[in-house]
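One structure below.
Every read-out reported here was derived from the displayed coordinates using simple, explicitly stated rules and does not represent laboratory data. In this text the structure is predicted, and so the values were computed from the model without any measurement. Using ideal geometry, Cβ is built from the backbone for each residue, glycine included, and neighbour counts are taken over all protein chains shown.
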Amino acid sequence: MSATTYGWLVLLFPLLGTLTIAFGFRVLPGRSAGVIGTGAILLAFLAALGALIAMQGEAPAHRELTSSLWNYAVSVGINAHVSILVDPLSVYMILIVSGISTLIHLYSLSYLDEDRGFARFFAYLNFFVFSMLLLVLAGNFLLLIVGWAFVGAASYLLISFWYRRTTATKAGIKAFVINVLGDVGLVLGTYFIFKHTGTLDFLKTFQVAPHVFTRGEGDIVAGCLLLLVGAFAKSAQIPLHTWLPDAMEGPTPVSALIHAATMVTAGVYLIARMHVLFELAPAAQDVGAVVGAATLLIAGTIALTQTDIKRVIAYSTMSQIGYMIMGVSVGAYAAGMFHLMTHAFFKALLFMGAGSIIGAMGGEQSLEKMGGFRKAMPFTFACFIIGGLALSGIPPFSGFFSKDEILLVTAERGGWHWALYVAGYIGAFLTAVYTFRMIFRAFYGEPVAEARELEAGHLHHPEHPTNPANGELEDTDVGFPGPHHTIAERALPMKVAMSLLAVGSIGAGLVQIPEVDDVIVNFLRPTFAGSPLYEPHTRDGLLVFGLILGTLLGLAGIALAYRIWVKQPSIAVTARERLRPLYLLSLNKWYFDELIDALVVRPAAAAGRFASDTFERVFVDGTLIGGSTGIVRAGSAAVRAIQSGFLRYYAALLVLGVGALGLYFLLQS
Amino acid sequence: MSIAWYLAVSAIVFALGAGGVMTRRNPLVVLLCLELMLNGANLALIAFARMWGNGDGQILALIVMTVAACEVCIGLGMIVAIYRRNLALDVDELRELQG
Amino acid sequence: MSAVLFFLAAIGAISGAVGVVVLRDPFYSVLALVGHLLSLALLFLLLRAEFVAAVQVVVYAGAVMVLYVFVVAYVGDSSTSLGERLRPGVSGPTGGARLRLGSALLGGAVLVELLIALLGSGLKAIGEYGAPYAPGPKTYGTPAYIGNLLLTRFLLAFEIASFLLLIAAVGAVVLARRRGGLGEESEELVPLRLTRPRGTGTMAEGVSSLAFATAHDRPTDFQVPDAPEPEPEPAAVGAGASSAIDPEQRTDSGGGW
């Protein structure tokens, strides 16, 4: 089979899975929905492997294959096929997406075992994976937009999965609205590009773009900036990032899947996919790089003070996505995609570990209430350590290689990019600090009651389940989390999934050691063949310097975290007092929510209120509707007066009519 | 007698019927007055048929009679129904269709 | 001779019409109309419309007027005189006199217009006696002549008229049936009820078990609440206690499932 056939299979299996579960959940026995869902994604992963193998059989120059199922729309100047593009970049993406998704499905099998919405969850999950695969396999803008919107819808469904939690539904709405903003950007950007190229197909667009656009021309810059809006919204970059922390309301596997491994990387993928266009629009590239750098710094500082364990990881995700956005914006495509892969491994691992701890806490997510789980949960602890080390960029864990490579390429661009380089290393330091702050607070210190209970062999179950976000009492019916929680130590599927991810977190970096094996760079080369920025011309000195600096900063961050949160917890308190303004700034997430609220939400709400209170009442109700009803009422009153109900009166009118008609004819003749 | 005489009689009968429909309040009599109007028209039809020496007018008169019979049928049925429900047999009282 | 006959008939027709309009008692109105119709038949004869004249006498003055008389007699009450029963209230809700005056004026106006239109139209032919006429078995106005026209040239009109009569007959039956009238409790279609023997397993029977038949076989008993119950509970079964019957019985009674 050709690579494109495998590509279609990759799409088919999750779609079949979601349809089967969605329509058959009443007849599917027991927990088979989860097995079906997991199996579907596993099959998709195998098909992705098949695509990889089939593609490796082609000559490097012929590794960009398209396949079209049918003509979706043929109109004046538009020729939209349902077509996929199978090239190294998309194969790379589907491998990551389907691979990580398989493990997360496996994890969910145990994690949501007691949830009443089990089948629904897997239907959503499969739909999400289908959408994401559609997004990365799309061979033209139209299908990309479809996949893009599907992903937004699926994320809404998954974030609001526990739909009777008001916080969850609000978070889902927030995520959806911001994502739609991104969709609008994407569509408008597509229009700007389509206007000149006249084609929606990716390969044709990339072919003709250098001829129809001059470098830095207004339309291409505008188009790429609008594409960036889409990328920022999906990838949670400032200022469209506020949905990501709130999206932690979803079940933990959702956080692992959507908000670590797949959905948020869509923006990175988009920029990499559109690199031909972005290289024609240097201004857009610069914007992307600066925003990425800003995001990685700001998210890092926010993560320092958050107490919700999942939010810490969420801000960490934002920060790491910032690295990737910065990387692909400055031309470090291979490095950005490489970081995307390693990040998917260790961030999914961290989320899964967080899920395990939350299970041990009986649904509680606050770091304030955790502590001392090291002995009670050795496996989770080990996973956290591995994930944390990879995230902090300690050799030989995977994050070490990928992060430093992005910064290396950034530095190679020279000029003001050095500022980004510095920001990247500050961010690396912050990463180590907040990661190990989280680990130390959860696993070190005095064991809390739940940890002691677990050590005694009993998993804590809260008497009254509460919403961890606002402390509201809940029940465990459908629409709420299930009654029992699960920890990795006691559930084999979770253990398997986390072990595999841990192996990936340790070893994935080894495939791309600069100057040694460069597997990713070589694999992705056909996609980026035309890019002048792609081939690294490494300065060896800088490379070595960067690797050492990254390692040192990571270790320093861990040491600092150890000193503050394990050795002398009083330092944290004094630092909080001394640096109160900074602490508040970080704790309140740089007031982005308040800013957006003041700048966008409130004016919009005020406009809505004006429209409904004043405009609607006075103009629409009073004048338009009231006036027209008044006219109709007056007219009908007049007509009704004739309808007296007196038969004789009617007869008289009839005769009068006859007489008048006769008179008319008499006068006529 | 010339046709004009017949036409005059028909006009008078028609006008009398119309006046009766407008003035009488008993539905039975209203129906009777309608019959008068129809008959006036019939007479005119037959007079004109005679004038042209053509049977079409007579056929039309026959059809009018049929329609009149139908109308009597329904009208009397309604009067009986009204009577059954103990309503006043007075078209001025029967004004439920007032707007 | 024909002039004499014409004047006699014309005076009869007009005075009959006046009688219909002005007589207080509907019964006399009907009688006046009969007279009017007979005079009119005479006029038809004078106009050489033999067949129409015959129909006028037999169908109109005969059958239709008999119907009127029946209804007048039916509507009339034994306790009060016919005229009293049928005479409307003392004064109408609207200004009766005003409407009456207006009606007279309107009717007069229409009459004047008609006369002007008919007589002042300048048609030469209306001043004459009509088309030439030669008596014979198939000549103008004879039954053979009319029948020929009706069944050839005017066949469609003829059929439509017959359908109209049929519909009117059905309508009259529905309107005047025993418990007729809209909004009363027995709203089933009467003809269907009549054609259906009991216990033949119609859908309605199957659905409502015995209730249907019981309730409608004894309409008066069923209405009166304190009527003595002849036997334990067919009526209670009718009142919807169908759950009291065991399923087998129910399937038996509604055997048509």
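Things worth noting here:
- Note on region A:65-179: with charges restricted to the Cβ of Lys and Arg (+1) and Asp and Glu (-1), its dipole about the Cα centre is near 440 debye.
- Region A:453-518-region C:5-35 distance, computed between alpha-carbon centres (Å): 106
- Sparsely packed trypsin sites (Lys or Arg not before Pro) within region A:112-181, loop by DSSP, other Cβ within 10 Å at most 16: A:ARG116, A:ARG164
- The charge dipole of region A:1-144, taken about its Cα centre with unit charges on the Cβ of Lys, Arg, Asp and Glu (plus for the first two, minus for the last two), comes to roughly 300 debye.
- Pairs exceeding 26 Å between alpha-carbon atoms, taken from A:LYS170/A:LYS375; A:LYS347/A:LYS589; A:LYS375/A:LYS567: A:LYS170/A:LYS375.
- All lysines inside 30 Å of A:LYS195 as judged from Cα atoms, apart from same-chain residues fewer than 8 positions distant: A:LYS204, A:LYS234
- Neighbour-count ranking [beta-carbon atoms within 10 angstrom, fewest first] of A:ASP540, A:ASP404, A:ASP246: A:ASP540, A:ASP246, A:ASP404
- Nearest-0.05 FRET efficiency for A:VAL573 and A:ASP597, computed from C-beta distance (R0 45 Å): 0.90
- Once the C-beta distance of A:ALA607 and C:VAL170 is scaled by a Förster radius of 60 Å, the resulting FRET efficiency is 0.40 to the nearest 0.05.
- 10 Å beta-carbon shell around A:VAL511, net charge (K/R +1, D/E -1): -2
- Cα-projected label distance for A:SER75 with A:SER636, points at 7 Å along beta-carbon direction, nm: 4.1
- Where a label projected 7 Å from the Cα of C:PHE163 along Cα→Cβ would reach, residues of region B:55-91 with amide N under 18 Å: B:63-64, B:66-68, B:70-71
- Virtual spin-label span in nm between C:LEU115 and A:GLU58, 7 Å along Cα→Cβ: 10.4
- Dimensionless Rg over Rh [chain A; C-alpha; Kirkwood]: 1.11
- Summarising the label geometry, the points placed 7 Å from Cα in the beta-carbon direction at A:GLN668 and A:LEU582 lie 9.9 nm from one another.
- Gyration tensor verdict on region A:242-318 (Cα atoms; rounded if a/c is under 1.5, prolate if a/b is larger than b/c, oblate otherwise): oblate
- GluC sites (Glu not before Pro) lying in DSSP loop within region B:13-99, provided at most 13 other Cβ fall within 10 Å: B:GLU96
- A straight line joining the Cα centroids of region B:60-99 and region A:348-393 runs 91 Å.
- Region A:239-290 and region A:602-654: distance between their alpha carbon centers, rounded to Å: 53
- Sparse-neighbour loop sites [trypsin sites (Lys or Arg not before Pro); region C:96-172; at most 14 other C-beta within 10 Å; DSSP]: C:LYS124, C:LYS138, C:ARG153
- Neighbour-count order for B:CYS73, A:CYS224, fewest beta carbons within 10 angstrom listed first: B:CYS73, A:CYS224
- Dipole moment magnitude, nearest 20 debye, chain A about Cα centre, only Lys, Arg, Asp, Glu C-beta charged: 960
- A Förster radius of 60 Å, combined with the Cβ-Cβ distance separating A:ASP475 from C:TYR74, puts the computed FRET efficiency at roughly 0.20.
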